[in-house]
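Okay, structure first, notes after.
The values are calculated or read from the model by the stated rules, or taken from the named source; none is laboratory data. Keep in mind it's a predicted model, so treat the numbers as computed, not measured. In this analysis, Cβ positions are derived from the backbone assuming ideal geometry, glycine residues included, and neighbour counts consider all displayed protein chains. Keep in mind that these areas ignore ligands, DNA and RNA; they rest on the heavy atoms of the full protein, side chains included. Shrake-Rupley method; radii C 1.70, N 1.55, O 1.52, S 1.80 Å.
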Amino acid sequence: MELSSNTKLSTLSDVIETEGVLDATGALQQRAAQIREDAVNWMCYRQGNMITQEDYNFIIVFDQARDKKARDTILETQAHQCSKTFLSLLGHISKDQTLQYILIMIDDMLQEDKSRVELFKPTKHSKKKTDSLWSPFLSLLNRPDFFITNMTSRIIAKLACWSKELMDGSDLNFYLTWLKDQLRQPNNEYIQSVARCLQMMLRIDEYRLAFVAVDGISKLVTVLAGKGNYQIQYQLIFCVWVMTFNVTLAEKMNKFKVIPILSDILSECPKEKVTRIVLATLKNLIEKPEDSSISRDNAIAMVQCKVLKQLDILQSRRFDDPDIVEDLEFLTETLQRSIQDLSSFDEYSTEIKSGRLEWSPVHNSEKFWRENTPRLNEKNYELLKILIYLLESSKDPLVLSVAAHDIGEYVRHYPRGKHIIEGLGGKQQVMHLLSHDDPNVRYQALLCVQKLMVHNWEYLGRQLEKETSQAIPAKG
């Protein structure tokens with residue numbers, strides 16, 4: 001279901017529904033403007049019997065129409081011929097330059113009037129079981145020419161979002177997978193257009209769920225973590241934001257580590273449009289989940305990622321946008337309340353889950369470890385597994401040092417700690433760090449290994465003492 005009833009969503013969505021700065025400055029539209037200047041010689045195609053007389057007659061007239069009124073007049077009597085001709089041309093012409101021109105004509109026509117998507121709806125008499133508005137276009141996504149594939153993608157997004165028929169099944173899976181794969185293409189000059197298509201698609205709930213099913217959120221977060229330009233940041237955060245209007249997705253979102261990344265962007269990007277969309281997303285992550293514990297965890301994660309500090313800085317600036325002011329007030333009040341309710345273990349747990357370890361006070365607190373060590377066993381050793389994963393995957397010497405230290409403290413304070421850490425594969429990961437390039441990492445790894453070994457010797461010593469006492473008869 002499209003969330004047009006939400007005023008804020010509708011306001012921000014105007015960006016993706018109108019031709020404006022976003023399109024005019026995009027690489028795809030700049031290239032399209034160049035292609036429009038080089039008109040196709042349709043007569044050559046007719047003389048070579050590559051197109052029918054019927055298609056030739058229509059395309060000549062339609063190509064020469066210079067405004068919406070003229071095109072409306074043509075379509076009043078030739079609506080069926082319009083889709084028939086365009087689909088015939090796409091199916092019979094292979095020259096890239098001509099295909100580019102045809103796709104631009106179709107995209108312009110749809111952008112001019114959303115209702116024209118229905119022109120491509122298969123007739124009841126001719127419709128095959130596999131036919132749909134978008135099926136004739138999907139195969140073009142496999143073309144080697146990047147302009148053709150990305151212009152086709154724009155058309156598919158319009159057909160899928162503006163028609164009365166929703167895309168589903170294998171067609172939807174194929175298209176969303178294609179979009180996701182384009183995000184990870186290195187130096188993709190048309191990534192802005194890809195993001196625009198996702199902005200359109202993800203406003204519709206059925207498409208959000210399908211995008212999650214093809215592991216789309218992970219890809220969005222990975223690209224955002226790559227520090228792209230502010231326009232791409234805005235568009236991709238917009239995609240995350242619209243997904244958080246689905247309660248289930250809002251409750252799962254921070255499992256993808258989105259809060260630390262949004263926190264970084266909030267502190268690094270000075271653009272107001274980026275600030276606005278980040279704040280709106282953070283607010284949704286607290287406001288939309290129905291499970292209050294998830295809202296609380298997300299708020300704590302924001303505190304851990306120093307969002308509150310950034311909010312203080314932003315409040316010193318003047319914003320004319322009432323949405324920014326409202327979101328700033330909401331987040332500031334909510335995060336300040338969460339600090340008051342924050343226990344030392346909550347703080348520790350949130351830090352571990354964020355993956356951004358630092359020498360915060362709890363790590364070196366003897367009282368903390370004495371009181372909270374057994375809690376690291378909760379939820380099937382969730383926090384211990386994260387610590388071990390960080391030892392294996394992190395490249396940050398600080399993270400590695402703190403993780404090794406914490407595993408050592410757990411072993412030192414929990415009687416069965418060594419056995420549990422070995423069972424989870426932690427000892428092997430710590431041993432690998434003994435040869436790490438960073439001296440601090442090597443030092444913490446060595447201390448952790450010593451704690452593992454000392455624990456072992458203490459156990460053996462107790463066993464030896466027990467066996468000795470049993471072997472020597474008591475003096476009578």
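Each principal axis of region 17-113 carries a Cα extent, and these read 41, 30, 19 Å when sorted largest first.
Taking the Cβ of Gly48 as the center, what net charge do the other residues with Cβ under 15 Å away carry, scoring Lys and Arg +1 and Asp and Glu -1?
On the way: positive: Arg46, Lys95; negative: Asp55.
Net charge in that neighbourhood comes out at +1.
All alpha carbon pair distances within region 270-377 were sorted into 5 Å bins beginning at 0; the resulting P(r) in whole percents reads 2, 11, 21, 20, 17, 12, 8, 4, 3, 1, 0. Converting the Cα gyration tensor eigenvalues of the chain into ellipsoid dimensions via √(5λ) gives semi-axes, longest first, of 59, 25, 19 Å.
What is the Rg over Rh value, at two decimals, for region 377-423, using alpha-carbon atoms and the Kirkwood definition of Rh? Kindly include the intermediate steps, with their values, before the conclusion.
Working: Rg = 10.5 Å, Rh = 10.9 Å.
Rounded to two decimals, Rg over Rh is 0.97.
Ligands, DNA and RNA are left out, and with a 1.4 angstrom probe the accessible area of region 294-420 is 49 Å² per residue.
Using the Cβ of Ala79 as centre and a radius below 12 Å, the other residues enclosed give a net charge of 0, where K and R count +1 and D and E count -1. Using the alpha-carbon positions of region 133-189, Rg (one decimal) and Dmax (whole number) come out as 11.3, 35 Å.
Listed peptides 318-329, 276-287 appear in the order 276-287, 318-329 once ranked by packing, highest mean of other Cβ atoms within 10 Å at the front.
First obtain the Kirkwood hydrodynamic radius of region 167-219 from its Cα pairs, then insert it into the Stokes-Einstein equation at 4 °C and 1.567 mPa s, and state the resulting D in µm² per second as a whole number.
On the way: Rh = 11.1 Å.
It comes out at roughly 116 µm²/s.
First compute the accessible area of the chain with a 1.4 Å probe, then give the percent of it belonging to carbon and sulfur atoms.
Numbers: 11910 of 23280 Å².
Taking all protein chains in place, the chain shows 51 percent carbon and sulfur surface.
Per residue, region 179-254 exposes 32 Å² of accessible surface when a 1.4 Å probe is rolled over the protein heavy atoms with every protein chain present.
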